[in-house]
Each structure stands twice: as C-alpha cells, then as structure tokens.
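Asks: One structure is given below, represented as structure tokens, and several questions about it will come after.
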Amino acid sequence: MAIKDTFTGLLGQKKDPASRPPQPLTRAEMDSVEGELTDITCRLESERKSREGIGRFFKHPFKVLTEQPVNILIVCIPLSLVVFIGGFISMVKIYGIKVLFTSTVIDDFAVLAVLISIIPVAVLDFREQQRIKNLEDALPNFFRDLAGMNDSGMTLPNAVHLVASAEYGTLTPHIRKLDNEMSWGVGFVEGMYRFGKNLGTPLADRSVDLIAKASKAGGDISEVLRAAASDTFEVVNLSQERRNNMLIYVIIVLVSWAVFMFVIAILVSTFLTTMATAGASAQATAASSQFMSKIDLPAYKRLFTHAAMIQGFFSGLCAGQMGEGRVVGGLKYSAIMLIVSWVVFRFFI
C-alpha cells in the first residue's frame with residue numbers, strides 16, 4: 001500500500017501543474033503582451049487607413065481614379081492649373097503684361113486647361129454609362145430565364161448554372177461568377193447580394209434587394225423573379241423612351257450653337273472686315289474715315305471667340321441635362337463644341 005500511495009502521489013504531482021489555476025503574469029510578461037497588442041493595433045489601424053481616404057488613393061491610385069468618373073478630377077484639376085499658370089507666367093515673362101491684351105496665346109492656354117479638366121471625365125462617364133446601359137438591358141432576360149428554369153422544377157443553384165451557359169452580353173461574366181460562388185456553397189440570397197454589388201448599378205441594386213427579401217420571406221421566388229424582370233424592363237423602356245423624346249431638344253441646342261457660330265463667321269468675315277478696310281482706305285471721306293478707323297477687328301474677333309466658346313461649353317451642359325438628366329453627361333458635348341469653336345476662330349476666321 002505504501003508503494004501504491006507513493007506512485008499515486010508522484011502521478012498527482014505531475015498532474016498538479018495543469019490542474020492548478022494559472023499564475024499571474026510577471027511585469028516583464030505583461031510588458032511583452034502590451035507591446036504585442038500595441039503592434040497589432042497599429043497594424044490594424046494602418047490597414048484601415050489604407051482602405052479609405054487618402055491612404056486608399058496612394059495604395060490603389062488607378063482603381064480610385066477610375067471607379068467613378070468624377071474621381072479623375074483629383075488629377076485633372078491640378079494638372080490643368082499647372083498648365084494654365086505655367087503658360088501665363090512664361091508668356092508674361094517673355095512678352096510682358098501687355099501680352100494679355102495683344103495676343104490670344106493666353107486664351108489658348110485657358111482652353112487647353114479646360115479641355116484637360118473635362119475630357120477625361122467625359123470619356124470615363126461615357127464609358128460608364130455604356131456599361132450601365134448594357135448591363136441593365138440584359139437584366140430582364142436574365143431574371144425571366146431564371147424564373148422559367150425554376151418553374152420547370154429546378155433548384156435555384158441548378159437554374160443559375162444552366163442560365164450561366166447562355167449569352168447575355170456584358171452581364172455574362174457576372175452570371176458565371178454568381179454560378180461559381182453558388183457552386184462553392186454560397187447561398188442564393190448572399191450570392192444575389194454579391195451579384196448586385198458587382199454590377200454596381202441603381203437598377204440592379206433595387207432588383208436584387210427585392211429578390212433577396214422576397215426569398216427570405218419564403219414567397220414564390222418564380223413570381224418574384226418575374227416581377228423583377230417586368231420592373232427592370234419597364235425602367236429600361238422608360239429610360240429609352242425619355243432619351244428618344246429629349247433627343248430633339250439636344251439637337252436644338254446643338255443647332256442653335258452652330259447657327260450662332262455661322263452668324264459670327266459671316267459678321268466677322270464680311271461686315272466688320274469691310275468696315276475696317278473702308279476705314280483704312282484713303283479714298284474714304286474724312287468723316288467716314290474717322291468713324292471706320294475705330295473698328296478694331298482683332299479685338300472683335302477675340303470677343304466673338306470668347307462668346308462662341310462660352311456658349312458652346314454651357315450649351316453642352318444644358319444638352320446633357322435635358323438629354324440624360326445629368327449635367328456631367330453634357331461634358332462630351334461641351335468638349336466637342338469648345339474644340340470646334342477654338343479651331344474655327346483660330347484657323348479659319
């Protein structure tokens with residue numbers, strides 16, 4: 001018994017360290033743990049800053065600049081200011097302050113600065129609107145086909161898998177991504193939310209939210225899909241109808257600017273030129289010569305140039321607001337009319 005008790009005591013001693021309550025940490029251990037926690041906290045804060053604000057811009061500059069068309073202004077506006085201010089200072093340093101009144105070079109730098117600011121925004125906005133239009137045009141067919149597959153007895157994952165083999169234009173890669181996610185076990189509701197987030201259009205967010213909430217509520221998902229298809233079709237159809245109805249007003253704005261340009265060209269090339277030539281002619285009478293000599297043709301040309309370019313710029317914004325319901329959508333018209341105005345007056349008038 002004594003030997004048994006001895007062995008039992010030895011075994012109990014081996015188990016005691018594990019069964020005893022943990023001992024309090026020493027000061028050195030606490031300092032080490034606090035240092036590790038501080039380091040982890042700093043890393044998490046640094047990672048959070050890199051996902052938003054200026055930190056995200058420096059980490060992913062191209063992605064931030066192109067995810068929304070107006071974001072490109074972060075680069076375009078400083079660049080345009082550098083071009084204009086640099087050109088202004090260099091011309092004044094070379095020719096003096098009188099260059100502002102005797103030359104149109106400053107006007108050229110101003111036009112170049114404006115074009116640098118608006119052309120990238122116009123190009124990115126046009127591309128983004130085309131992407132949205134192509135995606136939203138294909139959504140009704142996708143929802144309708146998905147509802148038909150589900151009515152035939154297929155489960156939603158199988159229906160998505162079968163629909164993914166069809167062709168829906170620019171929407172096809174997003175459908176195939178949804179199919180891959182569902183094949184890896186992602187639920188239909190979660191997959192639809194991800195699908196809408198990837199599309200990134202207001203109509204897609206609205207339709208996906210409707211489908212997901214109806215699916216959670218346990219309703220007939222086929223009827224919900226048909227309702228979403230009908231809703232998206234009506235929205236796309238109304239948007240197209242609005243563009244067609246407002247097209248005539250966009251054309252009126254563009255034609256009015258063209259008429260303005262034509263009238264100015266005729267006025268400068270005939271009436272003002274004739275008056276300036278007659279005033280300088282020695283054969284004119286003294287009274288008429290005194291009157292005609294006051295015609296400063298370069299000043300009138302510069303004034304009309306400014307008028308044509310200003311009207312072209314703001315007419316383009318009006319055309320965008322009327323045709324697309326967005327002022328930014330008119331920047332492409334503004335850029336075109338501004339370039340045409342500058343070319344016509346600089347090289348032909």
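The values are calculated or read from the model by the stated rules, or taken from the named source; none is laboratory data. Quick caveat: nothing in here was measured; it's all calculated off a predicted structure. Glycine also receives a Cβ, built like all others from the backbone with ideal geometry; neighbour counts cover every protein chain displayed.
Asks: Suppose we keep only residues that are within 22 Å of the chain's Cα centre (by Cα) and among the basic types (Lys, Arg) within the range 309-349. Which one would you say is modelled with the lowest pLDDT?
Replies: Filtering the range 309-349 for residues that are within 22 Å of the chain's Cα centre (by Cα) and among the basic types (Lys, Arg), the one modelled with the lowest pLDDT comes out as Arg326.
Asks: Of everything in the range 28-86 that's small (Gly, Ala, Ser) and over 30 Å from the mean Cα position of the chain (by Cα), which residue is modelled with the lowest pLDDT? Let's see the steps before the verdict.
Replies: If we filter the range 28-86 for residues that are small (Gly, Ala, Ser), which is where we start, we get 28, 32, 35, 46, 50, 53, 55, 80, 86.
From the residues that got through so far, the ones that are over 30 Å from the mean Cα position of the chain (by Cα) too are 28, 32, 35.
Values: Ala28: 66, Ser32: 69, Gly35: 70.
Out of the qualifying residues, it is Ala28.
Asks: Next question. If the requirement is being touching a Gly at 6+ places or on another chain (Cβ under 8 Å) and surrounded by 15 or more Cβ atoms within 10 Å (Cβ to Cβ), which of these qualifies: Phe109, Phe143, Phe84, Phe88?
Replies: Values: Phe143 fails: touching a Gly at 6+ places or on another chain (Cβ under 8 Å); Phe84 fails: touching a Gly at 6+ places or on another chain (Cβ under 8 Å); Phe88 fails: touching a Gly at 6+ places or on another chain (Cβ under 8 Å).
Just one listed residue meets the conditions, Phe109.
Asks: Give me the pairs, please: first residue somewhere in the range 179-201 and surrounded by fewer than 17 Cβ atoms within 10 Å (Cβ to Cβ), second residue anywhere and hydroxyl-bearing (Ser, Thr, Tyr), beta-carbon distance under 8 Å, and either six or more positions apart or on two chains.
Replies: Pairs that qualify, where the first residue is surrounded by fewer than 17 Cβ atoms within 10 Å (Cβ to Cβ) and the partner is hydroxyl-bearing (Ser, Thr, Tyr), are Val189/Ser215.
Asks: Against the definition (at pLDDT 70 or above, surrounded by 10 or more Cβ atoms within 10 Å (Cβ to Cβ) and among the hydroxyl-bearing types (Ser, Thr, Tyr)), how does Thr8 come out, yes or no?
Replies: On the way: at pLDDT 70 or above: no; surrounded by 10 or more Cβ atoms within 10 Å (Cβ to Cβ): yes; among the hydroxyl-bearing types (Ser, Thr, Tyr): yes.
No, not satisfied.
Asks: Among the hydrophobic types (A, V, I, L, M, F, W, C) and part of a loop (DSSP other than H, G, I, E, B): which single residue out of Val253, Val186, Val263 fits that description?
Replies: On the way: Val253 fails: part of a loop (DSSP other than H, G, I, E, B); Val263 fails: part of a loop (DSSP other than H, G, I, E, B).
When all the criteria are applied, what remains is Val186.
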